[in-house]
Amino acid sequence: MKNTMLFALMILAVLPASAQETATPNCSAKSEPATALADEYSARVDGLLRDAHARLRSISESVEAGTISPERADKLKLAVTRETISRLDTLSAVYDARLETDRATDKKLRKHSSSAAVSVEELKSEAASRSEGARAGQPARDSAR
């Protein structure tokens, strides 16, 4: 019963972090790395939870075998639970940072690619200003300025 309660607490501790999922972008190229990152995160969390469960079960078996006292087992179980929550919190922070880095990189790429596109109207107005400058005897302006 105590193992079940502790395990339930660990799962509840993970829920707030998993509830903070980000909205997926429309671009399918972006969804592949995000999916891979989510799969990696899920596998790491699953491994941590399985490890914690195995350690809690081992402590319970030690109590049943009489090798440790129930009081000592409670302290060990609490320590395992706290350690697991701490590791999950750290893991969540690491993956949140990785997602933020990916988002920032995507924003820079989108800004760069969108600024590289030039509309027909811009080209026409630039050509018109060059031709007016040439008529007035001024040198043509550099469009890179």
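Table for the structure above
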quantity	calculated
Packing rank of 58-67, 84-93, where each peptide gets the mean count of other beta carbons within 10 Å, highest leading	84-93, 58-67
Table column - 3J(HN,Hα) (Hz), the stretch 81-97, Karplus curve with 6.51, -1.76, 1.60, x for Gly and Pro	5, 4, 4, 5, 4, 5, 5, 5, 5, 5, 4, 4, 5, 4, 6, 4, 5
Under 19 Å from residue 107, Cα to Cα: aspartates and glutamates that are on another chain or at least 8 residues apart	21, 32, 96
Calculated FRET efficiency for the pair residue 60/residue 93, C-beta based, R₀ 41 Å, to 0.05	0.85
Proximal aspartates and glutamates to residue 124, defined as alpha-carbon separation beneath 15 angstrom and excluding residues fewer than eight positions away on the same chain	132, 142
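Only the coordinates and a few stated rules stand behind these numbers; no lab work does. Predicted, not measured: the structure shown is a model, and the values here were computed from it. Cβ coordinates were reconstructed from backbone atoms using ideal geometry, including for glycine residues, and neighbour counts include every protein chain displayed.
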